[in-house]
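I have placed the structure first, in the form of structure tokens, so that the comments after it can refer back to it.
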Amino acid sequence: MGGVNINEDIIIDKSIHRSINSRSSVLKIAPIYLASCIKQGMGLLEILLRKQPVQNNQVLLKIIEICRLYELDSVSSNIMKVSITMNSASKEKTQGRIS
């Protein structure tokens with residue numbers, strides 16, 4: 001009859017979910033989508049950005065860029081404070097090992 005093959009549909013659905021849920025997609029797609037949601041979008045965007053793991057400076061800069069774009073100054077300040085604190089603690093550990 002020609003219809004949709006259920007197995008193909010499931011495979012396509014899983015691959016779409018995998019690509020959407022990847023870390024790089026979250027910082028590319030989620031802010032645009034959430035900012036367009038009138039009532040709860042910006043609040044959810046704040047939560048998303050606060051919960052993003054900052055593995056390196058590139059991720060940190062991307063999060064700060066998104067905060068500036070959507071005027072989330074308090075989130076940006078908070079993330080920068082946490083990053084500075086974590087960097088200081090990491091440097092202290094490294095210096096303790098060297099000494």
What is the number of the single condition among (1) of a type in the set (S, T, N, Q); (2) surrounded by 13 or more Cβ atoms within 10 Å (Cβ to Cβ); (3) at pLDDT 90 or above that residue 52 does not meet? (3)
Tell me which residues, restricted to segment 1-32, are of a type in the set (A, V, I, L, M, F, W, C), within 30 Å of residue 71 (Cβ to Cβ) and modelled with pLDDT under 65. 20
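Suppose the filter is modelled with pLDDT of 80 or more and on the phi < 0 side of the Ramachandran plot; does residue 86 pass it? Give the steps one after another, and end with the answer.
Working: modelled with pLDDT of 80 or more: no; on the phi < 0 side of the Ramachandran plot: yes.
No; evaluated as a whole, the condition is false for this residue.
Among the residues of segment 33-45 satisfying the criterion of being surrounded by fewer than 12 Cβ atoms within 10 Å (Cβ to Cβ) and assigned to a helix (DSSP H, G or I), which is modelled with the lowest pLDDT?
From segment 33-45, those surrounded by fewer than 12 Cβ atoms within 10 Å (Cβ to Cβ) are 33, 36, 38-40, 43; that's our starting set.
The next check asks that each one be assigned to a helix (DSSP H, G or I); those that pass are 33, 36, 43.
Values: 33: 82, 36: 88, 43: 90.
So the residue we want is 33.
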Among the residues of segment 55-74, which ones are surrounded by fewer than 15 Cβ atoms within 10 Å (Cβ to Cβ), in a helix (DSSP H, G or I) and not small (Gly, Ala, Ser)? 57, 58, 61, 65, 68, 69, 73
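The values are calculated or read from the model by the stated rules, or taken from the named source; none is laboratory data. Note that the structure is a prediction, hence the values are computed from the model and not measured. Don't worry about glycine lacking a Cβ; one is built from the backbone with ideal geometry, like all the others, and counts go over all protein chains shown.
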